[in-house]
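Written below as structure tokens is the structure these notes are about.
The values are calculated or read from the model by the stated rules, or taken from the named source; none is laboratory data. All values reported here derive from a predicted model rather than from experimental measurement. Positions of Cβ are backbone-derived with ideal geometry, glycine not excepted, and every protein chain shown enters the neighbour counts.
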Amino acid sequence: MLATDEALADPVRARPGLRAPGSVDGSEWALRVVAGQHVSLPAARAVLSKLVATYGKPLDRPDGGLTHAFPAPDALAGADLAGLGLTRARAETLRELARRLADGSLVLDPGADRQAATQALASIPGIGPWTVEHISLRSLGDPDAFPAGDVGLIRAATRLGLGGTVALGRRANRWRPWRGYAAHYLWEVVA
């Protein structure tokens, strides 16, 4: 179906059958996404490295540079996140997300109720539409999730002559219910 769209025909032909990968641990993915919001990839890596070193559980047998497991939500729910490179608002968003994951009021895995999960995510201050869609795509395995405001998607859309965010969002409606797959094809354009 995506190959019938002239903008996606070449990317689909170049990588037929491209899969939309999910996350092994939906809660971890969501926490990583929130911690890395509004910063560059290197800055996000630095924050996440500090977060894991501070709150992650040390591995019994480290493997090279892998020394700690990613912190469980309950370890972050009440954590003092000062000094990790997060803004005060981002730290509170991360803690609130961790609280809801820890108490079970938010479930983020492919078997979860997608509508309930996305509504719960959207109700957390500091989590906007891009974050909800990105988490839905990877944590919930939603094949129609589409983070239209993603910088990579906008770059790909521009490169393909589709326009900016608003135009991309309109165009993406043609790709329903497979917008998540379209997102991965678009990311391939700028990879």
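Would you pick out the residues in region 58-77 that are within 18 Å of Ala30 (Cβ to Cβ) and either part of a loop (DSSP other than H, G, I, E, B) or in contact (Cβ under 8 Å) with a residue 24 or more places away in the chain (or both)?
Kept after step one, since they are within 18 Å of Ala30 (Cβ to Cβ), are these residues of region 58-77: 69-77.
Correct list: Ala69, Phe70, Pro71, Ala72, Pro73, Asp74, Leu76, Ala77.
So which residues in region 149-185 are of a type in the set (Gly, Ala, Ser) and either closer than 19 Å to Leu18 by Cβ or surrounded by 22 or more Cβ atoms within 10 Å (Cβ to Cβ) (or both), if there are any at all?
Taking region 149-185 as the starting set, the residues that turn out to be of a type in the set (Gly, Ala, Ser) are 149, 152, 156-157, 161, 163-164, 167, 169, 172, 180, 182-183.
Listed by number, the residues that qualify are Gly152, Ala156, Ala157, Ala172, Gly180, Ala182, Ala183.
Pairs under 7 Å by beta carbon, first residue in the same structural domain as Glu133 (by TED's automatic domain parsing) in region 101-123, partner exposed (fewer than 12 other Cβ atoms within 10 Å of the Cβ) and among the polar types (S, T, N, Q), six or more apart or different chains?
Between residues of region 101-123 that are in the same structural domain as Glu133 (by TED's automatic domain parsing) and residues that are exposed (fewer than 12 other Cβ atoms within 10 Å of the Cβ) and among the polar types (S, T, N, Q), the close pairs are Ala120/Ser105.
With respect to Val151, is the statement that it is free of Cβ contacts under 8 Å to residues at least 24 places away in the same chain and assigned by TED's automatic domain parsing to the domain that holds Val34 true? If you could, list the steps in order and put the result at the bottom.
Values: free of Cβ contacts under 8 Å to residues at least 24 places away in the same chain: yes; assigned by TED's automatic domain parsing to the domain that holds Val34: no.
Against the criterion (free of Cβ contacts under 8 Å to residues at least 24 places away in the same chain and assigned by TED's automatic domain parsing to the domain that holds Val34), Val151 does not qualify.
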